[in-house]
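Here is the structure we will look at, set down as structure tokens.
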Amino acid sequence: MTGTAQVAILRSVRGYLSAAERWTPGDHFPVLAGPPLERYRAIQPDRRLPRVVATKRAGRVVSIGGPVSRAAARLLAVATARPHRHVPAQELLGELANEPGSLSAVVGLPAEFALVGDWPGRDGVPVGILTARSPAALSGLIYRSLTVEAGVEDRTFVASHPLLPGAAEADAASFAELGQLRERRAALVMLSGQGRECCTSLLDGMICGRARPLGVPLPLVAGERATPCVSGAGCFRTDLTPADLLPAAEIHARLVLVQSCSAIAVGTNAYPAALSVTLGLLDGTAVAIVGALGVHLADRYVPGRLQDALAEGVPLGEIVGRLSEAGGGTALTRFGLLGDPALVLPAPAALAAVRRDDPARSTTVITALIGLRKALDRLDRLRWLDVELPDDAVAEVRSRMRRLGEDSSAVEAPAQLAELSDALGSVQVEVVDRLVARIHGPGWDPGWRSRGFRQVRSRLTNCPACGRQIAADVVLRHPVEPALHLRTLQCRRCGDVWWTTGSQLPPIEIAGPLDLRVRRYARVPFVRELVSRTPDELRVTVGYAFRRRKNLGLPPGSVTSCVVPPYGRYQLRHEIDLVTDGPPADTHSMLVVALSGGVLQTATAMMQLTERPSGTTPDGAELP
């Protein structure tokens, strides 16, 4: 044994076990010699190892497995005035379930946790696992956990794969920028990368979890997955050279957040523990690791939530629970803790400029997005009625909607939502433009597309045009697309009065007389009033056209967009030029088409053209 004024450095496991059994606060703290201790010494001022000061912490300490784990757990428990219980690994889950609300620090070696068969915190127990790949590394972790203020710079460092959310706010997005992690120990390091148990990857480099240098074979237990390097070959990322691999043990940090798949796999590891990137970090100078469990979707707001919780003085075990549940947490955003769950670490004074989520903003944006998505779904269903949609524009709106739904809490989200609403409005304009042109030329009518629909109900009602009770209010449903309904008012005298997609009354009434009588060779006003039936503001695109009258010289229709206030009215006025081409006298059918929120509706108008009396001008005045 060698010693300093604060630490008793043991050269053998037997000596460590004996010293741990006798230790009481005030004595030299026993630590096994080895690379982990030397890495910790290297970052201390004057290379002087810090003194352990006993400080009470909440919760309890539990150990599993053999004498090394028991001894390390006893040291932690005595130094923090917590009860200590040792149980067989196979009984750990039951032991934790007995005190589900207690902050439980569980100490053991990786092979001992393998006997547990699952992540010990699987049932939401606020647990932290103190484990390491060797007795020396485990003893070093216990020592660092009791001297958390020593050898640390009060700053935060953020590194991210450049293609992941939050990369724009990171301090490093390339491998070359990670170099300072080898030289200076930050209070908080946050890593977000693509990876698996053995690594956290950037595009041009990787943090590697190997316990031995590349080229040295590693032990493999039956049933474990292997990478090429396990047998002594090179890295599975053949695009990288050994110089592009940063050993996790060489990263200096007090607390590390790791967002990559299966960053923490204690009790559930598919690969050898000798490859684990987070166990590699614990071979270095880390006190605790907050890491993803299983398949993980990177969340750009986790760094901000972590920093905020540290600033509140929340114990690490409770912070991990918050991170797993925040933002509507799913099984793809679960975190675990390697470290003491009762440890309260101060937030660095220099916090990273990362994004904060805003649940209220997210709720508002999501609610609006749901409305836009329903409108787009209704638009898509119009294809069953042979309505032409601008496919590229619709696909772009859906893509933007998906992207906004993935980050509805972003500061930019409200502005992006407004832009998305405008884009959907532009789609509606193009749909009505195309439809009006078809109505005027080859023809289109919702009644023609109702073949095959099944009647849901029909009731007798008054016709608003002729006033007689000879109209039928009919609801039809598509046999293949049951979400598509047509509703129509059919009068035995007037014919089509109106149609709409949906089983309910259309959101607006297109009000105006059905029959219009005008002279030929005149410029006549065509007036319709849009009357809202809803408490919502409606963005409406409305147009009109004569049905299949292009070849007869009737002028093309027009399209306009407007906003109708809640339960309000909007008057549309168009001038129809019957002078230029002189269409024939007859009763010509017109369709008014309105599209709002993906709901399409039409209303019929019948324009009777009569001959202009001889000796009169187009406006009806007598010629001189």
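General remarks:
- You will find that of ALA173, ALA186, the residue that is within 23 Å of the chain's Cα centre (by Cα) and not basic (Lys, Arg) is ALA173 and no other.
- Inclusion of ALA347 among residues that are closer than 25 Å to LEU93 by Cα and either in contact with a strand residue (DSSP E or B) (Cβ under 9 Å, 6 or more places away or on another chain) or not in a loop (DSSP other than H, G, I, E, B) (or both) is not warranted.
- Residues that are open to solvent by less than 60 Å² (accessible area, probe 1.4 Å), over 36 Å from the mean Cα position of the chain (by Cα) and among the acidic types (Asp, Glu) do not occur anywhere in the range 404-417.
- Lone qualifier among LEU332, LEU369, LEU337, LEU323 - being part of a strand (DSSP E or B) and either modelled with pLDDT of 95 or more or farther than 22 Å from VAL152 by Cα (or both): LEU337
- Condition met for LEU486 (open to solvent by 20 Å² or more (accessible area, probe 1.4 Å) and in a strand (DSSP E or B)): no
- The criterion of at least 3 residues that are free of Cβ contacts under 8 Å to residues at least 24 places away in the same chain is met by none of the strands (runs of 3 or more DSSP E) wholly inside the range 70-145.
- Within the range 555-583, being open to solvent by less than 50 Å² (accessible area, probe 1.4 Å) and either in contact (Cβ under 8 Å) with a residue 60 or more places away in the chain or among the polar types (S, T, N, Q) (or both) holds for GLY557, SER558, VAL559, THR560, LEU578, GLY582, PRO583.
- Residue in the range 424-441 that is touching an Asp or Glu at 6+ places or on another chain (Cβ under 8 Å), surrounded by fewer than 16 Cβ atoms within 10 Å (Cβ to Cβ), part of a loop (DSSP other than H, G, I, E, B) and at pLDDT below 95 present: no
- Criterion violated by ARG57 - all others in (1) open to solvent by 50 Å² or more (accessible area, probe 1.4 Å); (2) in contact (Cβ under 8 Å) with a residue 24 or more places away in the chain; (3) charged (D, E, K, R) satisfied: (1)
- Residues within the range 315-334 that are open to solvent by 10 Å² or more (accessible area, probe 1.4 Å) and either of a type outside the set (Gly, Ala, Ser) or touching a helix residue (DSSP H, G or I) at 6+ places or on another chain (Cβ under 6 Å) (or both), tallied: 10
- Counting only residues that are open to solvent by less than 90 Å² (accessible area, probe 1.4 Å) and either assigned to a strand (DSSP E or B) or within 19 Å of TRP448 (Cα to Cα) (or both), the range 461-479 holds 9 of them.
- Some residue of the range 225-246 being open to solvent by less than 10 Å² (accessible area, probe 1.4 Å), over 15 Å from GLY336 (Cβ atoms) and in contact (Cβ under 8 Å) with a residue 60 or more places away in the chain: yes
- Where a residue in the range 12-30 is touching a residue at least 40 places away in the same chain (Cβ under 8 Å) and closer than 17 Å to ALA136 by Cα and its partner, wherever it lies, is part of a helix (DSSP H, G or I) and open to solvent by 70 Å² or more (accessible area, probe 1.4 Å), with Cβ under 6 Å and at least six apart: LEU17/PRO67
- Residues of the range 585-624 that turn out to be over 27 Å from VAL431 (Cβ atoms) and either surrounded by 12 or more Cβ atoms within 10 Å (Cβ to Cβ) or at pLDDT 90 or above (or both), as a count: 11
- Flag if LEU191 is under 15 Å from LEU255 (Cβ atoms) and either open to solvent by less than 20 Å² (accessible area, probe 1.4 Å) or not small (Gly, Ala, Ser) (or both): yes
- Whether a residue is under 30 Å from LEU181 (Cα atoms), touching a strand residue (DSSP E or B) at 6+ places or on another chain (Cβ under 7 Å) and assigned to a loop (DSSP other than H, G, I, E, B) was assessed, and LEU37 does not pass this test.
- For the range 569-610, a residue qualifies if it is closer than 13 Å to ARG520 by Cβ and either within 42 Å of the chain's Cα centre (by Cα) or in a strand (DSSP E or B) (or both), and the qualifying residues are ILE576, ASP577, ASP586, THR587, HIS588, MET607, GLN608, LEU609, THR610.
- PRO217 meets the conditions (1) under 30 Å from ALA89 (Cβ atoms); (2) surrounded by 24 or more Cβ atoms within 10 Å (Cβ to Cβ) in every case but one. The failed one is (2).
- Some residue of the range 484-492 being at pLDDT 95 or above and of a type in the set (Ser, Thr, Tyr): yes
- In the condition set (1) buried (at least 21 other Cβ atoms within 10 Å of the Cβ); (2) hydrophobic (A, V, I, L, M, F, W, C); (3) in a strand (DSSP E or B), PHE526 is compliant with all but (1).
- Test: LEU240 is outside any strand (DSSP E or B) and either at pLDDT 95 or above or farther than 30 Å from ARG122 by Cα (or both): yes
- In the range 123-139, of all residues being surrounded by 24 or more Cβ atoms within 10 Å (Cβ to Cβ) and in contact with a strand residue (DSSP E or B) (Cβ under 6 Å, 6 or more places away or on another chain), the one that is nearest to ALA349 (Cα to Cα) corresponds to GLY128.
- Count - residues of the range 529-554 that are assigned to a strand (DSSP E or B) and crowded, with 17+ Cβ neighbours inside 10 Å: 11
- Annotation: of all residues in the range 366-379 being without any contact (Cβ under 8 Å) to a residue 40 or more places away in the chain and loosely packed, with under 15 Cβ neighbours inside 10 Å, the one that is farthest from GLN428 (Cα to Cα) is THR367.
- You will find that of ALA311, ALA349, ALA292, ALA298, the residue that is open to solvent by 10 Å² or more (accessible area, probe 1.4 Å) and without any contact (Cβ under 8 Å) to a residue 60 or more places away in the chain is ALA311 and no other.
- Meets criteria (more than 17 Å from VAL592 (Cα to Cα), open to solvent by less than 20 Å² (accessible area, probe 1.4 Å), under 49 Å from the mean Cα position of the chain (by Cα) and not aliphatic (A, V, I, L, M)) for ASP445: no
The values are calculated or read from the model by the stated rules, or taken from the named source; none is laboratory data. Because the structure is predicted, anything quoted here is derived from the model rather than measured. Quick reminder, even Gly has a Cβ in these numbers, built from the backbone with ideal geometry, and neighbours come from all protein chains shown. Please note that ligands, DNA and RNA were not included when accessible areas were found on the heavy atoms of the full protein model with its side chains. Shrake-Rupley method; radii C 1.70, N 1.55, O 1.52, S 1.80 Å.
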